[in-house]
Amino acid sequence: MSTRTSRILHRSLRATPPKAIGGKGVWLIAENGHHVIDASGGAAVSCLGHQHPRVLEAIARQMSKLAFAHTAFFSSEPAEALAEQLTGSEPGGLAYTYFVSGGSEAIEASLKIARQYFVERGEVERYHFVARRQSYHGNTLGALSAGGNAWRREPYAPLLSPAFSHVTPAFAYRERHESESDADFVRRLAAELEAEFQRLGPNTVAAFIAEPVVGATAGCVTAPEGYFNAVREICDRHGALLILDEVMCGMGRTGTLHAWEQEGISPDIQAIAKGLGGGYQPIGAMLARAKIVDTIRHGSGAFQHGHTYLGHPLACAAALEVQHIIRDENLLDRVKLRGNQLEQRLAERFGNHHHVGDIRGRGLFWAIELVEDRATRRPFDRAFKLHQRIKAAAFEGGLACYPSGGTMDGQSGDHVLLAPPYIATSGDIDMIVDRLGTAVDRAIQSIKQ
Ligand SMILES: Cc1ncc(COP(=O)(O)O)c(C=O)c1O
(Lines give C-alpha, C1' and ligand atoms only; values in the text may rest on other atoms or scores of the structure.)
Protein backbone atom coordinates (compact mmCIF):
# COMPACT_ATOMS: atom_id res chain seq x y z
CA MET A 1 0.00 0.00 0.00
CA SER A 2 1.25 3.47 -0.81
CA THR A 3 0.16 6.59 1.06
CA ARG A 4 -0.02 8.72 -2.08
CA THR A 5 -3.41 10.28 -2.61
CA SER A 6 -5.89 9.29 -5.27
CA ARG A 7 -9.12 10.85 -6.50
CA ILE A 8 -10.86 7.53 -5.88
CA LEU A 9 -12.52 6.80 -2.58
CA HIS A 10 -10.61 3.58 -2.10
CA ARG A 11 -11.63 1.15 0.63
CA SER A 12 -9.04 2.81 2.81
CA LEU A 13 -8.92 6.59 2.51
CA ARG A 14 -5.41 6.52 3.95
CA ALA A 15 -3.70 4.25 1.46
CA THR A 16 -3.96 3.61 -2.24
CA PRO A 17 -3.63 -0.06 -3.23
CA PRO A 18 -1.23 -1.00 -6.04
CA LYS A 19 -2.75 -1.15 -9.50
CA ALA A 20 -3.44 -4.59 -10.89
CA ILE A 21 -2.15 -4.57 -14.46
CA GLY A 22 -2.55 -8.14 -15.55
CA GLY A 23 -3.59 -11.63 -14.71
CA LYS A 24 -3.38 -15.17 -16.03
CA GLY A 25 -5.10 -18.19 -14.55
CA VAL A 26 -4.56 -18.18 -10.79
CA TRP A 27 -2.10 -15.29 -10.95
CA LEU A 28 -2.57 -11.54 -10.54
CA ILE A 29 0.17 -9.09 -11.46
CA ALA A 30 0.67 -5.72 -9.76
CA GLU A 31 2.13 -2.65 -11.44
CA ASN A 32 5.59 -3.26 -9.99
CA GLY A 33 5.59 -6.75 -11.47
CA HIS A 34 4.78 -8.42 -8.15
CA HIS A 35 2.95 -11.72 -8.86
CA VAL A 36 0.38 -12.90 -6.34
CA ILE A 37 -1.48 -16.18 -6.40
CA ASP A 38 -5.20 -15.42 -6.15
CA ALA A 39 -6.32 -17.75 -3.38
CA SER A 40 -9.65 -16.08 -2.69
CA GLY A 41 -10.77 -14.80 -6.10
CA GLY A 42 -11.04 -11.39 -4.43
CA ALA A 43 -14.12 -12.23 -2.38
CA ALA A 44 -14.91 -15.64 -3.91
CA VAL A 45 -15.51 -14.07 -7.32
CA SER A 46 -12.91 -15.26 -9.85
CA CYS A 47 -13.98 -18.89 -10.07
CA LEU A 48 -12.22 -19.42 -13.43
CA GLY A 49 -9.16 -17.38 -12.58
CA HIS A 50 -8.12 -14.50 -14.76
CA GLN A 51 -8.23 -13.84 -18.51
CA HIS A 52 -9.89 -17.09 -19.51
CA PRO A 53 -9.74 -16.89 -23.32
CA ARG A 54 -13.19 -18.39 -23.90
CA VAL A 55 -14.85 -15.77 -21.70
CA LEU A 56 -12.91 -12.92 -23.28
CA GLU A 57 -13.97 -14.14 -26.74
CA ALA A 58 -17.63 -14.44 -25.67
CA ILE A 59 -17.62 -10.84 -24.43
CA ALA A 60 -15.93 -9.64 -27.63
CA ARG A 61 -18.44 -11.55 -29.80
CA GLN A 62 -21.40 -9.97 -28.01
CA MET A 63 -19.72 -6.56 -27.99
CA SER A 64 -19.35 -6.70 -31.79
CA LYS A 65 -23.11 -7.36 -32.12
CA LEU A 66 -24.67 -5.18 -29.44
CA ALA A 67 -23.33 -3.80 -26.17
CA PHE A 68 -26.57 -2.58 -24.59
CA ALA A 69 -30.31 -2.36 -25.13
CA HIS A 70 -32.59 -1.24 -22.32
CA THR A 71 -34.83 -3.96 -20.89
CA ALA A 72 -37.86 -1.64 -21.03
CA PHE A 73 -37.70 -2.18 -24.80
CA PHE A 74 -35.79 -5.38 -25.53
CA SER A 75 -34.64 -8.74 -24.30
CA SER A 76 -31.35 -10.12 -25.62
CA GLU A 77 -29.99 -13.45 -26.84
CA PRO A 78 -27.43 -13.90 -24.06
CA ALA A 79 -29.93 -12.98 -21.33
CA GLU A 80 -32.51 -15.47 -22.63
CA ALA A 81 -29.87 -18.19 -22.99
CA LEU A 82 -28.45 -17.57 -19.51
CA ALA A 83 -31.91 -17.66 -17.91
CA GLU A 84 -32.53 -20.96 -19.73
CA GLN A 85 -29.19 -22.28 -18.48
CA LEU A 86 -29.97 -21.30 -14.88
CA THR A 87 -33.65 -22.11 -14.54
CA GLY A 88 -34.62 -24.06 -17.69
CA SER A 89 -34.48 -27.35 -15.79
CA GLU A 90 -36.16 -25.73 -12.76
CA PRO A 91 -33.54 -26.83 -10.19
CA GLY A 92 -35.24 -27.24 -6.82
CA GLY A 93 -38.36 -25.69 -8.36
CA LEU A 94 -36.60 -22.40 -9.22
CA ALA A 95 -38.16 -21.61 -12.56
CA TYR A 96 -37.44 -17.95 -13.35
CA THR A 97 -34.41 -15.66 -13.38
CA TYR A 98 -34.21 -11.93 -12.72
CA PHE A 99 -30.85 -10.43 -13.70
CA VAL A 100 -29.13 -7.66 -11.75
CA SER A 101 -25.58 -6.34 -11.51
CA GLY A 102 -24.33 -7.84 -8.23
CA GLY A 103 -25.05 -9.53 -4.93
CA SER A 104 -26.66 -6.67 -3.01
CA GLU A 105 -29.03 -6.01 -5.90
CA ALA A 106 -29.89 -9.71 -6.01
CA ILE A 107 -30.82 -9.53 -2.31
CA GLU A 108 -32.89 -6.36 -2.78
CA ALA A 109 -34.79 -8.08 -5.58
CA SER A 110 -35.28 -11.19 -3.41
CA LEU A 111 -36.70 -9.18 -0.51
CA LYS A 112 -38.97 -7.13 -2.74
CA ILE A 113 -40.38 -10.02 -4.73
CA ALA A 114 -41.12 -11.85 -1.46
CA ARG A 115 -43.02 -8.83 -0.20
CA GLN A 116 -44.84 -8.25 -3.50
CA TYR A 117 -45.86 -11.91 -3.66
CA PHE A 118 -47.68 -11.61 -0.35
CA VAL A 119 -49.23 -8.26 -1.22
CA GLU A 120 -50.66 -9.79 -4.40
CA ARG A 121 -51.97 -12.79 -2.45
CA GLY A 122 -53.80 -10.38 -0.17
CA GLU A 123 -51.52 -11.21 2.78
CA VAL A 124 -50.47 -7.60 3.24
CA GLU A 125 -49.64 -8.14 6.90
CA ARG A 126 -46.59 -10.23 5.93
CA TYR A 127 -43.67 -7.84 6.00
CA HIS A 128 -41.28 -9.22 8.63
CA PHE A 129 -38.04 -10.84 7.59
CA VAL A 130 -36.08 -13.05 9.97
CA ALA A 131 -32.35 -13.31 9.37
CA ARG A 132 -29.33 -14.39 11.43
CA ARG A 133 -26.68 -12.61 13.41
CA GLN A 134 -23.22 -12.68 11.84
CA SER A 135 -24.64 -12.94 8.34
CA TYR A 136 -23.77 -10.73 5.38
CA HIS A 137 -26.26 -9.99 2.64
CA GLY A 138 -24.77 -6.87 1.05
CA ASN A 139 -24.28 -3.18 1.66
CA THR A 140 -27.35 -1.48 0.20
CA LEU A 141 -29.81 -0.48 2.92
CA GLY A 142 -32.26 -3.35 2.44
CA ALA A 143 -29.47 -5.93 2.28
CA LEU A 144 -27.68 -4.33 5.23
CA SER A 145 -30.95 -4.44 7.21
CA ALA A 146 -31.07 -8.17 6.52
CA GLY A 147 -27.41 -8.66 7.46
CA GLY A 148 -26.58 -9.40 11.05
CA ASN A 149 -22.98 -8.25 11.31
CA ALA A 150 -22.69 -5.73 14.14
CA TRP A 151 -19.90 -3.44 12.92
CA ARG A 152 -21.21 -3.20 9.37
CA ARG A 153 -24.65 -2.20 10.68
CA GLU A 154 -23.59 0.12 13.50
CA PRO A 155 -23.06 3.49 11.75
CA TYR A 156 -26.20 3.08 9.66
CA ALA A 157 -28.45 1.60 12.35
CA PRO A 158 -30.97 4.49 12.32
CA LEU A 159 -31.47 3.98 8.58
CA LEU A 160 -32.02 0.23 8.75
CA SER A 161 -35.49 -1.25 8.51
CA PRO A 162 -37.22 -2.53 11.67
CA ALA A 163 -38.89 -5.15 9.48
CA PHE A 164 -35.80 -7.33 10.02
CA SER A 165 -34.89 -9.30 13.13
CA HIS A 166 -32.03 -11.68 13.80
CA VAL A 167 -31.66 -15.08 15.43
CA THR A 168 -28.62 -17.15 16.43
CA PRO A 169 -26.58 -18.45 13.47
CA ALA A 170 -25.82 -22.15 12.96
CA PHE A 171 -22.19 -21.44 13.86
CA ALA A 172 -21.15 -24.47 15.89
CA TYR A 173 -17.64 -23.30 16.85
CA ARG A 174 -19.00 -20.16 18.51
CA GLU A 175 -22.60 -20.94 19.36
CA ARG A 176 -22.95 -24.63 20.21
CA HIS A 177 -22.78 -25.30 23.94
CA GLU A 178 -20.12 -27.73 25.08
CA SER A 179 -22.71 -30.16 26.39
CA GLU A 180 -24.78 -30.09 23.17
CA SER A 181 -24.65 -32.56 20.30
CA ASP A 182 -25.19 -31.25 16.76
CA ALA A 183 -28.76 -32.54 16.96
CA ASP A 184 -29.34 -30.69 20.27
CA PHE A 185 -27.90 -27.54 18.73
CA VAL A 186 -30.20 -27.81 15.71
CA ARG A 187 -33.19 -28.37 18.02
CA ARG A 188 -32.30 -25.25 20.02
CA LEU A 189 -31.86 -23.11 16.90
CA ALA A 190 -35.16 -24.38 15.47
CA ALA A 191 -36.93 -23.61 18.75
CA GLU A 192 -35.47 -20.10 18.71
CA LEU A 193 -36.63 -19.53 15.13
CA GLU A 194 -40.08 -20.86 15.98
CA ALA A 195 -40.21 -18.54 19.01
CA GLU A 196 -39.22 -15.59 16.79
CA PHE A 197 -42.07 -16.41 14.38
CA GLN A 198 -44.43 -16.55 17.37
CA ARG A 199 -43.13 -13.25 18.79
CA LEU A 200 -43.66 -11.48 15.46
CA GLY A 201 -46.92 -13.28 14.74
CA PRO A 202 -46.42 -16.18 12.32
CA ASN A 203 -48.79 -14.71 9.73
CA THR A 204 -46.70 -11.49 9.60
CA VAL A 205 -43.46 -13.19 8.54
CA ALA A 206 -42.69 -12.93 4.83
CA ALA A 207 -39.45 -14.88 4.79
CA PHE A 208 -36.43 -16.30 6.55
CA ILE A 209 -33.15 -15.45 4.85
CA ALA A 210 -29.82 -17.21 5.31
CA GLU A 211 -26.53 -18.06 3.61
CA PRO A 212 -26.30 -21.88 3.30
CA VAL A 213 -22.56 -21.51 3.98
CA VAL A 214 -21.80 -18.21 5.72
CA GLY A 215 -19.09 -16.35 3.86
CA ALA A 216 -17.41 -13.05 4.59
CA THR A 217 -18.54 -12.32 8.15
CA ALA A 218 -17.92 -15.64 9.87
CA GLY A 219 -15.67 -17.52 7.42
CA CYS A 220 -17.09 -20.54 5.58
CA VAL A 221 -19.49 -21.72 8.27
CA THR A 222 -21.50 -24.76 7.24
CA ALA A 223 -24.67 -25.64 9.17
CA PRO A 224 -24.98 -28.85 11.19
CA GLU A 225 -26.91 -31.66 9.54
CA GLY A 226 -30.66 -31.17 9.72
CA TYR A 227 -30.56 -27.41 10.31
CA PHE A 228 -31.89 -26.37 6.92
CA ASN A 229 -34.53 -29.13 7.00
CA ALA A 230 -35.75 -27.68 10.29
CA VAL A 231 -35.75 -24.13 8.89
CA ARG A 232 -37.60 -25.23 5.75
CA GLU A 233 -40.23 -27.00 7.86
CA ILE A 234 -40.83 -23.91 10.04
CA CYS A 235 -41.20 -21.63 6.99
CA ASP A 236 -43.59 -24.07 5.30
CA ARG A 237 -45.69 -24.58 8.41
CA HIS A 238 -46.19 -20.84 8.77
CA GLY A 239 -46.62 -20.05 5.07
CA ALA A 240 -43.41 -17.98 4.94
CA LEU A 241 -40.84 -18.10 2.15
CA LEU A 242 -37.24 -19.31 2.41
CA ILE A 243 -34.67 -17.04 0.74
CA LEU A 244 -31.17 -18.48 0.39
CA ASP A 245 -28.29 -16.11 -0.24
CA GLU A 246 -25.80 -17.99 -2.40
CA VAL A 247 -24.05 -14.85 -3.60
CA MET A 248 -20.76 -16.14 -2.24
CA CYS A 249 -21.22 -19.87 -1.67
CA GLY A 250 -23.17 -20.65 -4.85
CA MET A 251 -22.45 -21.50 -8.48
CA GLY A 252 -20.17 -24.41 -7.74
CA ARG A 253 -18.06 -22.95 -4.94
CA THR A 254 -18.96 -25.73 -2.47
CA GLY A 255 -18.78 -28.58 -5.00
CA THR A 256 -22.39 -28.56 -6.18
CA LEU A 257 -23.82 -25.87 -8.44
CA HIS A 258 -26.09 -24.74 -5.61
CA ALA A 259 -24.99 -25.07 -1.99
CA TRP A 260 -28.53 -26.07 -0.96
CA GLU A 261 -28.20 -29.31 -2.96
CA GLN A 262 -26.10 -30.61 -0.06
CA GLU A 263 -28.77 -29.70 2.50
CA GLY A 264 -31.66 -31.75 1.10
CA ILE A 265 -33.91 -28.73 0.67
CA SER A 266 -34.38 -25.94 -1.85
CA PRO A 267 -35.38 -22.31 -1.39
CA ASP A 268 -38.34 -20.37 -2.75
CA ILE A 269 -36.03 -17.55 -3.79
CA GLN A 270 -32.28 -17.58 -4.29
CA ALA A 271 -29.69 -14.85 -4.77
CA ILE A 272 -26.54 -15.58 -6.79
CA ALA A 273 -23.75 -13.36 -8.03
CA LYS A 274 -20.00 -13.75 -7.65
CA GLY A 275 -19.36 -17.12 -9.29
CA LEU A 276 -22.09 -16.46 -11.83
CA GLY A 277 -19.92 -14.16 -13.90
CA GLY A 278 -16.60 -15.00 -12.29
CA GLY A 279 -15.66 -11.32 -12.21
CA TYR A 280 -15.58 -11.01 -16.00
CA GLN A 281 -18.59 -8.71 -15.82
CA PRO A 282 -20.68 -7.36 -12.93
CA ILE A 283 -23.71 -9.64 -12.73
CA GLY A 284 -26.04 -11.18 -10.18
CA ALA A 285 -29.42 -12.85 -10.33
CA MET A 286 -32.49 -13.66 -8.30
CA LEU A 287 -34.05 -17.05 -8.99
CA ALA A 288 -37.65 -17.68 -7.99
CA ARG A 289 -40.18 -20.47 -7.92
CA ALA A 290 -43.04 -20.44 -10.41
CA LYS A 291 -45.68 -20.00 -7.68
CA ILE A 292 -44.19 -16.59 -6.84
CA VAL A 293 -43.82 -15.37 -10.40
CA ASP A 294 -47.21 -16.75 -11.47
CA THR A 295 -48.98 -15.06 -8.55
CA ILE A 296 -47.59 -11.73 -9.71
CA ARG A 297 -48.20 -12.54 -13.39
CA HIS A 298 -51.88 -13.22 -12.65
CA GLY A 299 -52.10 -10.25 -10.27
CA SER A 300 -50.59 -6.89 -11.16
CA GLY A 301 -48.66 -8.46 -14.03
CA ALA A 302 -45.28 -6.91 -13.25
CA PHE A 303 -42.53 -7.16 -10.63
CA GLN A 304 -42.48 -3.59 -9.35
CA HIS A 305 -38.70 -3.20 -9.39
CA GLY A 306 -35.91 -2.49 -11.83
CA HIS A 307 -32.49 -1.00 -12.54
CA THR A 308 -31.03 0.46 -15.72
CA TYR A 309 -28.51 -2.33 -16.23
CA LEU A 310 -30.77 -5.34 -15.68
CA GLY A 311 -29.80 -8.22 -17.94
CA HIS A 312 -26.90 -6.34 -19.51
CA PRO A 313 -26.05 -8.26 -22.70
CA LEU A 314 -22.27 -8.20 -22.15
CA ALA A 315 -22.66 -9.35 -18.55
CA CYS A 316 -25.03 -12.14 -19.58
CA ALA A 317 -22.75 -13.24 -22.43
CA ALA A 318 -19.80 -13.44 -20.04
CA ALA A 319 -21.75 -15.33 -17.37
CA LEU A 320 -23.20 -17.75 -19.93
CA GLU A 321 -19.70 -18.64 -21.08
CA VAL A 322 -18.47 -18.99 -17.48
CA GLN A 323 -21.30 -21.44 -16.80
CA HIS A 324 -20.62 -23.37 -20.02
CA ILE A 325 -16.96 -23.72 -19.08
CA ILE A 326 -17.88 -25.02 -15.62
CA ARG A 327 -20.10 -27.61 -17.33
CA ASP A 328 -17.78 -28.48 -20.26
CA GLU A 329 -14.67 -28.87 -18.11
CA ASN A 330 -16.44 -30.80 -15.31
CA LEU A 331 -15.21 -28.20 -12.87
CA LEU A 332 -17.61 -29.23 -10.11
CA ASP A 333 -15.73 -32.55 -9.88
CA ARG A 334 -12.52 -30.61 -9.75
CA VAL A 335 -13.85 -28.37 -6.95
CA LYS A 336 -14.56 -31.52 -4.91
CA LEU A 337 -11.15 -33.05 -5.67
CA ARG A 338 -9.10 -29.91 -5.01
CA GLY A 339 -11.39 -29.10 -2.09
CA ASN A 340 -10.47 -32.39 -0.41
CA GLN A 341 -6.81 -31.61 -0.99
CA LEU A 342 -7.22 -28.10 0.45
CA GLU A 343 -8.98 -29.49 3.52
CA GLN A 344 -6.19 -32.02 4.03
CA ARG A 345 -3.36 -29.51 3.58
CA LEU A 346 -5.02 -27.02 5.95
CA ALA A 347 -5.40 -29.76 8.55
CA GLU A 348 -1.72 -30.72 8.17
CA ARG A 349 -0.46 -27.15 8.38
CA PHE A 350 -2.84 -25.67 10.96
CA GLY A 351 -4.40 -28.66 12.76
CA ASN A 352 -1.91 -28.36 15.63
CA HIS A 353 -1.24 -24.65 15.33
CA HIS A 354 -1.42 -22.91 18.71
CA HIS A 355 -3.44 -20.04 17.30
CA VAL A 356 -5.79 -21.75 14.86
CA GLY A 357 -8.99 -22.71 16.68
CA ASP A 358 -11.07 -23.97 13.80
CA ILE A 359 -10.66 -25.07 10.18
CA ARG A 360 -13.97 -25.21 8.33
CA GLY A 361 -15.58 -25.11 4.94
CA ARG A 362 -16.74 -27.13 1.96
CA GLY A 363 -15.56 -27.57 -1.64
CA LEU A 364 -13.10 -24.82 -2.54
CA PHE A 365 -14.42 -22.57 0.22
CA TRP A 366 -12.37 -22.85 3.41
CA ALA A 367 -11.44 -20.70 6.37
CA ILE A 368 -9.21 -20.83 9.41
CA GLU A 369 -10.25 -19.01 12.57
CA LEU A 370 -7.44 -17.49 14.64
CA VAL A 371 -7.58 -17.49 18.43
CA GLU A 372 -5.20 -16.38 21.11
CA ASP A 373 -6.11 -19.38 23.25
CA ARG A 374 -7.29 -22.63 21.71
CA ALA A 375 -8.69 -24.10 24.91
CA THR A 376 -10.98 -21.18 25.73
CA ARG A 377 -11.39 -20.02 22.09
CA ARG A 378 -10.52 -16.52 23.23
CA PRO A 379 -9.81 -14.33 20.20
CA PHE A 380 -6.86 -11.98 19.88
CA ASP A 381 -7.34 -8.45 21.16
CA ARG A 382 -9.09 -6.67 18.28
CA ALA A 383 -6.68 -3.74 18.66
CA PHE A 384 -3.99 -5.95 17.09
CA LYS A 385 -6.02 -6.13 13.86
CA LEU A 386 -4.52 -9.55 13.25
CA HIS A 387 -6.54 -10.08 10.07
CA GLN A 388 -5.02 -6.97 8.52
CA ARG A 389 -1.54 -8.07 9.49
CA ILE A 390 -2.12 -11.45 7.87
CA LYS A 391 -3.42 -9.83 4.69
CA ALA A 392 -0.36 -7.59 4.44
CA ALA A 393 2.11 -10.40 5.20
CA ALA A 394 0.38 -12.68 2.70
CA PHE A 395 0.41 -10.08 -0.06
CA GLU A 396 4.09 -9.42 0.52
CA GLY A 397 4.68 -13.15 0.25
CA GLY A 398 2.79 -13.37 -3.06
CA LEU A 399 -0.58 -14.54 -1.77
CA ALA A 400 -3.96 -12.81 -2.09
CA CYS A 401 -6.38 -14.19 0.52
CA TYR A 402 -9.43 -12.75 2.29
CA PRO A 403 -8.89 -12.19 6.04
CA SER A 404 -11.61 -10.46 8.08
CA GLY A 405 -12.23 -9.42 11.67
CA GLY A 406 -15.29 -9.60 13.91
CA THR A 407 -15.61 -13.35 13.32
CA MET A 408 -16.97 -14.16 16.77
CA ASP A 409 -19.62 -11.51 17.28
CA GLY A 410 -19.16 -8.80 14.67
CA GLN A 411 -16.52 -7.11 16.82
CA SER A 412 -13.81 -9.56 17.93
CA GLY A 413 -12.20 -12.55 16.27
CA ASP A 414 -10.19 -13.07 13.09
CA HIS A 415 -10.40 -15.51 10.23
CA VAL A 416 -8.87 -16.00 6.81
CA LEU A 417 -11.09 -17.11 3.95
CA LEU A 418 -9.79 -19.04 0.96
CA ALA A 419 -11.73 -19.47 -2.28
CA PRO A 420 -9.25 -20.52 -4.98
CA PRO A 421 -10.31 -20.65 -8.63
CA TYR A 422 -11.89 -23.95 -9.74
CA ILE A 423 -9.01 -24.31 -12.22
CA ALA A 424 -6.37 -24.40 -9.45
CA THR A 425 -3.89 -27.26 -9.77
CA SER A 426 -2.63 -29.51 -7.02
CA GLY A 427 0.60 -27.48 -6.98
CA ASP A 428 -1.37 -24.25 -6.64
CA ILE A 429 -3.22 -25.59 -3.58
CA ASP A 430 0.05 -26.63 -1.94
CA MET A 431 1.56 -23.21 -2.65
CA ILE A 432 -1.49 -21.40 -1.23
CA VAL A 433 -1.38 -23.30 2.07
CA ASP A 434 2.38 -22.94 2.29
CA ARG A 435 2.28 -19.16 1.74
CA LEU A 436 -0.67 -18.77 4.11
CA GLY A 437 1.22 -20.63 6.84
CA THR A 438 4.18 -18.29 6.50
CA ALA A 439 1.92 -15.20 6.53
CA VAL A 440 -0.02 -16.33 9.62
CA ASP A 441 3.16 -17.09 11.54
CA ARG A 442 4.72 -13.75 10.54
CA ALA A 443 1.63 -11.79 11.52
CA ILE A 444 1.36 -13.48 14.92
CA GLN A 445 5.07 -12.96 15.47
CA SER A 446 4.61 -9.24 14.79
CA ILE A 447 2.04 -9.05 17.63
CA LYS A 448 4.24 -10.89 20.07
CA GLN A 449 7.29 -8.71 19.42
C1 LIG B 1 -23.48 -13.73 1.01
C2 LIG B 1 -23.38 -12.40 0.32
N3 LIG B 1 -24.50 -11.74 0.00
C4 LIG B 1 -24.46 -10.54 -0.62
C5 LIG B 1 -23.26 -9.94 -0.94
C6 LIG B 1 -23.24 -8.60 -1.63
O7 LIG B 1 -22.76 -8.73 -2.92
P8 LIG B 1 -22.15 -7.47 -3.70
O9 LIG B 1 -20.91 -7.09 -2.98
O10 LIG B 1 -21.91 -8.00 -5.09
O11 LIG B 1 -23.19 -6.41 -3.69
C12 LIG B 1 -22.06 -10.59 -0.61
C13 LIG B 1 -20.76 -9.96 -0.90
O14 LIG B 1 -19.74 -10.31 -0.36
C15 LIG B 1 -22.13 -11.84 0.05
O16 LIG B 1 -21.01 -12.49 0.39
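General remarks:
- Across segment 236-251, the qualifying residues are those that are in a loop (DSSP other than H, G, I, E, B) and crowded, with 24+ Cβ neighbours inside 10 Å, and the one among them that is farthest from the ligand (Cβ to nearest atom) is ALA240.
- Residue that is farthest from ILE113 (Cα to Cα), among those in segment 258-313 that are among the small types (Gly, Ala, Ser), away from the ligand (no atom under 12 Å from the Cβ) and buried (at least 22 other Cβ atoms within 10 Å of the Cβ): GLY278
- The set of residues from segment 210-235 being within 10 Å of the ligand (Cβ to nearest atom) and either in contact (Cβ under 8 Å) with a residue 60 or more places away in the chain or among the basic types (Lys, Arg) (or both) comprises ALA210, GLU211, VAL213, VAL214, GLY215, ALA216, THR217.
- Among all positions in segment 418-431, there is at least one residue which is assigned to a loop (DSSP other than H, G, I, E, B) and surrounded by fewer than 17 Cβ atoms within 10 Å (Cβ to Cβ).
- Residues of segment 103-123 classified as over 14 Å from GLY306 (Cβ atoms) and within 16 Å of the ligand (Cβ to nearest atom), total: 6
- Inter-residue pairs, beta-carbon under 6 Å, first open to solvent by 80 Å² or more (accessible area, probe 1.4 Å) and in segment 12-23, second among the charged types (D, E, K, R), 6+ apart: LYS19/GLU31; ILE21/GLU31
- Filter result (closer than 18 Å to ALA206 by Cα, without any contact (Cβ under 8 Å) to a residue 60 or more places away in the chain and open to solvent by 10 Å² or more (accessible area, probe 1.4 Å)) within segment 145-162: LEU160, SER161, PRO162
- Selection within segment 168-185: residues that are aliphatic (A, V, I, L, M) and closer than 18 Å to ARG132 by Cβ. The member of this set that is surrounded by the most Cβ atoms within 10 Å (Cβ to Cβ) is ALA170.
- Selection status of SER165, surrounded by 20 or more Cβ atoms within 10 Å (Cβ to Cβ) and among the polar types (S, T, N, Q): no
The values are calculated or read from the model by the stated rules, or taken from the named source; none is laboratory data. Everything quoted here is computed from the prediction, not taken from an experiment. Here Cβ is always computed from backbone atoms with ideal geometry, including for glycine, and neighbour counts include all displayed protein chains. Ligands, DNA and RNA are stripped out before the accessible areas are found, and what is left, the full protein with its side chains, is counted by its heavy atoms. Shrake-Rupley method; radii C 1.70, N 1.55, O 1.52, S 1.80 Å.
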